[in-house]
Amino acid sequence: GPECRVRAPPSSCCTRPDSTPSWPARANCSVRGTGGLKPGIAWRTSKGFFCQWRRMIEMDAVDIVQPDIGYIGGLSRALRVAEMAQAAGKICVPHSANMAMVVIFSLHMMGAIPNAGPNVEWTIEQDDWTRDLFLPMPEVRDGKVHIPEGPGWGVEVNPAWLNRADYAVSELPG
């Protein structure tokens, strides 16, 4: 089946972390203009305003867009960012920092867009809570991971994982 190449975050790619202010777009342009950064500047995660995505792309402040499907409001909205990037000749690598559903969503998105980057962002977190979460659990083999196939997203939540999970109920007073 289809697959994506996996690579740890490249040291030559400069990303704007969530804690970094995103509004000084010209600052990105000045960093980008220093030269020598390959593959370039990536902009990612919790930026959900399309006007800001469009602005960063149009002013050529970024080379790689990394919408987080969970933060931006779903796959359809992430696809809109990918389309804006494609129109400007930029690549898209969805942000997927953990092994929850976001990595499954990101793999499928990368398999569906023409401007997918050369590598998928693979988890940087080692959270025990996601261990054996899915059936089948995506695995990296020879630097690649297969895009899950089958109905829906191609995975099921592991019933054994659900049995081990903590459950809580929240109720409004009154």
Taking only segment 115-171 into account, find how many residues are in a loop (DSSP other than H, G, I, E, B) and either open to solvent by less than 90 Å² (accessible area, probe 1.4 Å) or more than 26 Å from ARG80 (Cβ to Cβ) (or both). 34
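Within segment 120-151, can you find the residues that are free of Cβ contacts under 8 Å to residues at least 60 places away in the same chain and under 19 Å from the mean Cα position of the chain (by Cα)?
THR123, GLU125, GLN126, ASP127, THR130, LEU133, PHE134, MET137, PRO138, GLU139, PRO148
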Is it the case that segment 100-108 has a residue that's open to solvent by 90 Å² or more (accessible area, probe 1.4 Å) and either hydrophobic (A, V, I, L, M, F, W, C) or without any contact (Cβ under 8 Å) to a residue 24 or more places away in the chain (or both)? no
For segment 49-84 the number of residues that are open to solvent by less than 20 Å² (accessible area, probe 1.4 Å) and more than 18 Å from ILE104 (Cβ to Cβ) is 8
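The values are calculated or read from the model by the stated rules, or taken from the named source; none is laboratory data. Every value quoted in this text rests on a predicted model; they were computed, and no experiment measured them. FYI the Cβ positions are ideal-geometry reconstructions off the backbone, even for glycines, and counts take in every protein chain you see. Heads up: the accessible areas ignore ligands, DNA and RNA and are worked out on the full protein's heavy atoms, side chains in. Shrake-Rupley method; radii C 1.70, N 1.55, O 1.52, S 1.80 Å.
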